[in-house]
Amino acid sequence: MSSFRNAQIGVFAVGASIILFEIALTRVFAVMMWHHFTYMVVSIALLGFGAAGSVLTMVGRPPRRPAGRLGFFSTAFAIAIVASLYFGSVIELDTLRLFERGENIAALLLYYLVLAVPLFLGGLVIGLALQVHADRIHRLYFADLVGSALGALIAVVALDRLGAVSVVHLAGMLAALGGLAFARDAGLLGRVASILVAAVMAFAAAGHAGGVEAIGLPRLHWPLPIAPGKEMAALKEELVERRLPSATAEVEVSANMALEPFMGGEFALEGLPRVEGRVVAQDGTAPTMLYAAAADLARFPFLGDSQANSGYVALQAAGRKTPAALVVGVGGGVDVMAALAQGASSVTAVEINGAMIRMVTEDYDDYLGGLFTRKEPPFDRIRLVHGEGRSHVLNTEERYDLIQLSGVDSFTALNTGAYTLSESYLYTVEAVRDFLAHLNDGGIINYSRFIMTRPKLPRETLRLAAIARQALEEAGVADPAASICILQGRRWASTMIKKGPFTRDEIDALRDFASERGFRGLVFDPLRDPDAAFDEEPAPLSALALFYREAIRAQVGGLFPAP
């Protein structure tokens, strides 16, 4: 085989390895830090490649016997890929307190240094190969592009089935194979070293993917540490029973335990029992819950007592006892359970994360009692869809009485409130318009989101109110405020957006519901005289409640016509 053909194969393998490693790092960062730090991958890659290009420019001419050098750099690249994962995972970094403690800045710089090394070596391989074969650079560049495309394709499949750690090891194996191709034209020592490293990398990749279990060896396991501040970080590692891989977000499932029930909202405090269940998180946060024997709905009489289910209260007051429901974000199935408990005639449950779907239909199907797999009533009313909520409504002709989004997290980037709800297409003016278009007349969109969180400002619900008003206005609704109602539990609130104005019966039912469950009540009542004084609030929340109500009024009801 010609030297150039070996170079093509080497560049192809290294190109695939680089892109595979970069994509895997986005998942690694999402678990070990927070989702918005995944953009670091781009800057680290630019740092590594830029440094490699600078070194090659300074050196000038390529070596007279480049095969050995290319084989060495590729093999070193393979080792550095895996080593960077292990070194990076032991660096303690609290990104939520990045500027509060100097060691966090130092840890972040160390991350850059550790992870730039493999990308620097990968850049050296590609750059040197192009330099050596400059007369046929177009063919070598084509091999690099095809390899990168293949690496991206592998990432989509492998991340979903194997997880980020396995994909990093797979990238290391591909880099080692590239080194093996380059070393075919090198000396004996270079060939032997490349073969040994490739063998070790292949074993490590197979071990983390579970392939060694076929020969009686235990599966290799390297759990990624969960970022400080995330809910699952508070659990000891031994309490995290399983980690389900996903290209969207890794799903962590805790051991079985007795818990107070929770969901993307709040239950009434009085009479709330402890139930058997498991905590479920995505990338260590956005917690939800798997209820043991969830299909036995009679075991969970409190399902109707959640602030998140206020949309059903309004619909029932309007005479809609069997609404058609769309649940966006299945989680552990709590919203689906609630829909059935409220008498929904049909429940379309849309979930973007394939790992969550596998969790409720395969891995923990028996634990749930077959909630999503039973075919007899009322479970035959459930239709589980793998997709994104907004995309689903745009591609269906179905109409719903209720569209429920309970704590479908967008993960705000900063505690100051910057980027609040901006990182999800479910929380936009266009999304509200799309959902409204798929409601039956009198139907309701119900967003359940935080209202009282650090820094003690109602930023999420406040912004949702402004989004809802603008969407209704753009949809041609003459009085947008009449179609918005907001019910506060304690730290959560339901922002209800109706296709049509709210009626007195619906508002009275919501007030009674809040009073009976001990919730704070309506913080935006569309039927209230906007010039009337607010009720006196008990200290110490009076100032905060007044701020919230005035803010909501300014965003939603501020455009009331003057009397």
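A simple count of charges around GLY187, restricted to other residues whose Cβ falls under 12 Å of its Cβ and scoring Lys, Arg +1 and Asp, Glu -1, yields +3. For segment 152-224, the square roots of the Cα gyration tensor eigenvalues, ordered a ≥ b ≥ c, give a/c of at least 1.5 with a/b no greater than b/c, which places it in the oblate category.
When the residues LYS499, LYS321 are ordered by accessible surface, computed with a 1.4 Å probe over the protein chains alone, the sequence from largest down reads LYS321, LYS499. Cα extents for the chain along the principal axes, largest to smallest and rounded to whole angstrom: 87, 53, 47. By definition, a body whose alpha carbon gyration tensor gives a ≥ b ≥ c is oblate when a/c is 1.5 or more and a/b is not larger than b/c, and segment 311-405 fits this oblate description. Evaluating 6.51 cos²θ - 1.76 cosθ + 1.60 at θ = phi - 60° for every residue in segment 189-204, the Karplus couplings come out as 4, x, 5, 5, 4, 5, 5, 4, 5, 4, 5, 5, 5, 5, 5, 5 Hz, glycine and proline recorded as x. Kindly express, to the nearest 10 degrees and within the range 0 to 90, the angle between helix 459-474's C-alpha long axis and the longest C-alpha principal axis of the chain. Between the helix axis and the principal axis of the chain, the angle is about 80 degrees. Ranked by the mean number of other Cβ atoms within 10 Å per residue, highest first, peptides 178-190, 152-164 order as 178-190, 152-164. Take the Cα of SER515, step 7 Å toward its Cβ, do the same at SER391, and the gap between the two points is 4.6 nm. Near ALA286, the amide H atoms lying under 5 Å from its own belong to GLU231; only residues 5 or more places off or on other chains count, and H is placed 1.01 Å from N. Working out 0.36 nm times the residue gap between ALA106 and SER43, then minus their Cα-Cα distance, what length gain in nm do you get to one decimal? That works out to 21.0 nm of additional length. Averaged over residues, the count of other Cβ atoms within 10 Å places the peptides 390-402, 341-353 in the sequence 341-353, 390-402, highest first. Each other residue within a Cβ distance under 10 Å of PRO228 adds +1 if Lys or Arg and -1 if Asp or Glu, for a net charge of 0.
Over the chain, Cα pairs under 8 Å with separation of 6+ residues give a relative contact order of 12 percent.
Which lysines, if any, have their Cα less than 25 Å from the Cα of LYS375, not counting same-chain residues under 8 positions apart? Reachable lysines: LYS321. The angle separating the long axis of helix 66-89 from the principal Cα axis of greatest extent in the chain is about 30 degrees. In terms of its C-alpha gyration tensor, segment 323-363 has a prolate overall shape, because the principal axis ratio a/c (a ≥ b ≥ c, square roots of the eigenvalues) is not below 1.5 and a/b outweighs b/c.
The values are calculated or read from the model by the stated rules, or taken from the named source; none is laboratory data. As the structure is a computational prediction, the values presented were derived from the model and not from experiment. Glycine also receives a Cβ, built like all others from the backbone with ideal geometry; neighbour counts cover every protein chain displayed. For the accessible areas, the whole protein counts, side chains as well, though only heavy atoms, and no ligand, DNA or RNA atoms are used. Shrake-Rupley method; radii C 1.70, N 1.55, O 1.52, S 1.80 Å.
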